[in-house]
Structure formats: C-alpha cells, structure tokens
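Visitor: Below you'll find the structure I mean.
The values are calculated or read from the model by the stated rules, or taken from the named source; none is laboratory data. Just so it is clear, the structure is predicted and the values come from calculations on it, not from any experiment. When we count neighbours, we look across all protein chains shown, and the Cβ atoms used for this are built from the backbone with ideal geometry, even at glycine. Just so you know, the surface numbers come from the protein's heavy atoms only, side chains and all, with ligands and any DNA or RNA stripped out. Shrake-Rupley method; radii C 1.70, N 1.55, O 1.52, S 1.80 Å.
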Amino acid sequence: MNPVTAYLNTPLGLLALTGSEAGLSAVTFLNDATETATAAAAVPECLREAHRQLQAYFGRELREFSLTYAPAFGTDFQRQVWQAMLGITYGRTASYLDVAKLLNNPKSVRAVGAANGQNPLAIVCPCHRIIGADGSLTGYAGGMHRKKWLLEFEQPTRQGGLF
C-alpha cells in the first residue's frame, strides 16, 4: 500500500493529508505558498473521509474525529502518548504531566513532551491541546501562531451581558 496525499486549504494554511487504505498516516502544515496549486487536485478515495472531517472541523461542524490512523513511524511509547492525546476533548487542554499520569508514568514528562513534538497527525491527534503545567503555551511543531489560533478556535463562545 503506497501512501497517497491530498491537500486542504484551511484558515491556517495548506494541510497535507497522507495515508493509504490502512488509514491516515500524517496531517502536516505546509509552509510553502507555492504548494497551494496542488490543493485543487482530486482527493484519493482512502483520504476522502479524513478530508471531509477536517473540513467539517474548520467549519465548526465537527468536534471529534472518527478516523482510522496508521502512523508510518513511532516507538511504542510515542504511540501510547499519541493515543492518550486522543482523549483530550475539544475545548480542553492538558499538560505534559497530565498525559504522563494517564500513562501511569508521572516521571516521563520530558519523554511525553518529546513524543508530543513528533506527533505526525496535526489537529486530529490534538497535540495543540497540550500546554505547560502553569497554563502557558508550549512549543508546537506547526508554529505557535497556529497553536494559539486552534486553542482560541476551540473555546466555547462566551455570551455577553444581556443588559
């Protein structure tokens, strides 16, 4: 099964979706504006659902992804971290320590941080929802401006005063 790629224009720039019949293996932000021409290409059958769900996410119509994932790389520990991150729901955040505790290994905070940085599935495996224990924004492979945007995007709308 050779991987194929589809592209999606988003408010954060162009995303490349890579996968095969086995599942989605990568969602990557592309920083090269010259690649936008490829976004109009047909979406391969095996990526249509991922493409549709990401469109729905950015359209505020979807909060939880239901996809089959097949990352092309990752140690057992990294995959455990990525799996744990799937439990951090829309509009919520967690710290590296929170994830380490979920894995019953609170001393693995630094390793959790490293695994988070290697996450191949931007947005769908929500590493953008990982923040510092003190509530501060921490690194994000897609860029801090994107992390900030995603976290603000996922916050519930606050109703102003009626009077």
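Visitor: Specify the residue that is least open to solvent (accessible area, probe 1.4 Å); the eligible residues are those in the stretch 61-89 that are free of Cβ contacts under 8 Å to residues at least 12 places away in the same chain and either charged (D, E, K, R) or in contact with a Cys (Cβ under 7 Å, 6 or more places away or on another chain) (or both).
Guide: Here the residue is R79.
Visitor: I've got another one for you. Out of all the residues in the stretch 93-103, is one or more assigned to a helix (DSSP H, G or I), over 26 Å from T5 (Cα atoms), open to solvent by less than 30 Å² (accessible area, probe 1.4 Å) and among the β-branched types (V, I, T)? Break it down stepwise before answering.
Guide: The initial filter retains those residues of the stretch 93-103 that are assigned to a helix (DSSP H, G or I), namely 96-102.
With the extra rule that they be over 26 Å from T5 (Cα atoms), the set shrinks to 96-102.
Going one step further and asking which of them are open to solvent by less than 30 Å² (accessible area, probe 1.4 Å), we end up with 99-100.
Pick out the ones that are also among the β-branched types (V, I, T) and you get 99.
Scanning the stretch 93-103, I find at least one residue that is assigned to a helix (DSSP H, G or I), over 26 Å from T5 (Cα atoms), open to solvent by less than 30 Å² (accessible area, probe 1.4 Å) and among the β-branched types (V, I, T), so the answer is yes.
Visitor: Does the stretch 121-138 contain any residue that is within 25 Å of A16 (Cβ to Cβ), open to solvent by 20 Å² or more (accessible area, probe 1.4 Å), assigned to a loop (DSSP other than H, G, I, E, B) and touching a Cys at 6+ places or on another chain (Cβ under 8 Å)? Write out each step before concluding.
Guide: Residues of the stretch 121-138 within 25 Å of A16 (Cβ to Cβ): 121-130, 137-138.
Next cut, open to solvent by 20 Å² or more (accessible area, probe 1.4 Å) only: 137-138.
When the remaining residues are screened for being assigned to a loop (DSSP other than H, G, I, E, B), the result is 137-138.
If we keep only those that are touching a Cys at 6+ places or on another chain (Cβ under 8 Å) too, we end up with none.
Looking through the stretch 121-138, none of the residues is within 25 Å of A16 (Cβ to Cβ), open to solvent by 20 Å² or more (accessible area, probe 1.4 Å), assigned to a loop (DSSP other than H, G, I, E, B) and touching a Cys at 6+ places or on another chain (Cβ under 8 Å).
Visitor: Given the residues P71, P44, which is the only one that is of a type outside the set (A, V, I, L, M) and more than 30 Å from S108 (Cα to Cα)? Walk me through how you get there before you give the answer.
Guide: Numbers: P71 fails: more than 30 Å from S108 (Cα to Cα).
Among P71, P44, only P44 is of a type outside the set (A, V, I, L, M) and more than 30 Å from S108 (Cα to Cα).
Visitor: Could you list all residues from the stretch 50-81 that are in a helix (DSSP H, G or I), hydrophobic (A, V, I, L, M, F, W, C) and under 21 Å from A6 (Cβ atoms)? It would help to see each step written out before you state the result.
Guide: Looking only at the stretch 50-81, we keep the residues that are in a helix (DSSP H, G or I), and these are 50-58, 76-81.
Next cut, hydrophobic (A, V, I, L, M, F, W, C) only: 50, 54, 56, 58, 77, 81.
The answer is A50, L54, A56, F58.
Visitor: If you check L103 against the conditions, is it under 27 Å from A70 (Cβ atoms), within 13 Å of the chain's Cα centre (by Cα) and of a type outside the set (V, I, T)?
Guide: Working: under 27 Å from A70 (Cβ atoms): yes; within 13 Å of the chain's Cα centre (by Cα): no; of a type outside the set (V, I, T): yes.
No, not satisfied.
Visitor: Residue pairs, Cβ under 8 Å, 6 or more apart or interchain, first in the stretch 100-115 and over 13 Å from Q80 (Cβ atoms), second in a helix (DSSP H, G or I) and of a type in the set (F, W, Y). List them.
Guide: What qualifies is V109/Y96; R110/Y96; G113/Y96.
Visitor: Another question, if that's okay. A26: under 22 Å from A141 (Cβ atoms), touching a residue at least 12 places away in the same chain (Cβ under 8 Å) and either open to solvent by 70 Å² or more (accessible area, probe 1.4 Å) or part of a helix (DSSP H, G or I) (or both), yes or no? Steps first, please.
Guide: Details: under 22 Å from A141 (Cβ atoms): yes; touching a residue at least 12 places away in the same chain (Cβ under 8 Å): yes; either open to solvent by 70 Å² or more (accessible area, probe 1.4 Å) or part of a helix (DSSP H, G or I) (or both): no.
In short, no.
Visitor: Criterion first (open to solvent by 60 Å² or more (accessible area, probe 1.4 Å) and in contact with a helix residue (DSSP H, G or I) (Cβ under 6 Å, 6 or more places away or on another chain)) does P106 satisfy it? Show your work before the answer.
Guide: On the way: open to solvent by 60 Å² or more (accessible area, probe 1.4 Å): yes; in contact with a helix residue (DSSP H, G or I) (Cβ under 6 Å, 6 or more places away or on another chain): yes.
Answer is yes for this residue.
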